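Everything on this sheet refers to the single structure shown next.
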């Protein structure tokens, strides 16, 4: 069973702020989701093989190093640019 404390921990991790009503709703929804996942896990798939219907394999490509912009050109219009970095204010909410 999912508790309010569980949802509060998850909300904090996601930097979400929930009202009491949203918290109650999230507890109910998460309990239903976990219950559904438990039902699915009960299905016997003993001799069933996974079939990749798209026929895709690892669709990665090689990294290609390309010429970049000149660092001085990029930083020339930035106040406080130093050592190749843009300095920005820290976001606070």
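The values are calculated or read from the model by the stated rules, or taken from the named source; none is laboratory data. Remember, predicted model here, so these are calculated numbers, not experimental data. With ideal geometry, Cβ positions are generated from the backbone for all residues, glycine too; neighbour counts draw on all protein chains shown.
Is it the case that some residue within region 9-25 is surrounded by 12 or more Cβ atoms within 10 Å (Cβ to Cβ), out of contact with any helix residue (DSSP H, G or I) (no Cβ under 7 Å at 6 or more places or on another chain) and either touching a residue at least 24 places away in the same chain (Cβ under 8 Å) or in a loop (DSSP other than H, G, I, E, B) (or both)?
Within region 9-25, one or more residues are surrounded by 12 or more Cβ atoms within 10 Å (Cβ to Cβ), out of contact with any helix residue (DSSP H, G or I) (no Cβ under 7 Å at 6 or more places or on another chain) and either touching a residue at least 24 places away in the same chain (Cβ under 8 Å) or in a loop (DSSP other than H, G, I, E, B) (or both).
Give just the number: which of (1) loosely packed, with under 10 Cβ neighbours inside 10 Å; (2) more than 23 Å from the chain's Cα centre (by Cα) does residue 5 not satisfy?
Here residue 5 clears every test but (2).
Considering only region 50-65, I want to know if a residue exists there that is modelled with pLDDT under 95 and either assigned to a helix (DSSP H, G or I) or surrounded by 10 or more Cβ atoms within 10 Å (Cβ to Cβ) (or both).
Within region 50-65, none of the residues are modelled with pLDDT under 95 and either assigned to a helix (DSSP H, G or I) or surrounded by 10 or more Cβ atoms within 10 Å (Cβ to Cβ) (or both).
In region 33-68, which residues are without any contact (Cβ under 8 Å) to a residue 24 or more places away in the chain and either touching a strand residue (DSSP E or B) at 6+ places or on another chain (Cβ under 7 Å) or closer than 30 Å to residue 3 by Cβ (or both)? Working first, answer last.
Filtering region 33-68 for residues without any contact (Cβ under 8 Å) to a residue 24 or more places away in the chain gives 33, 35-68.
The answer is 33, 35, 36, 37, 38, 39, 40, 41, 42, 43.
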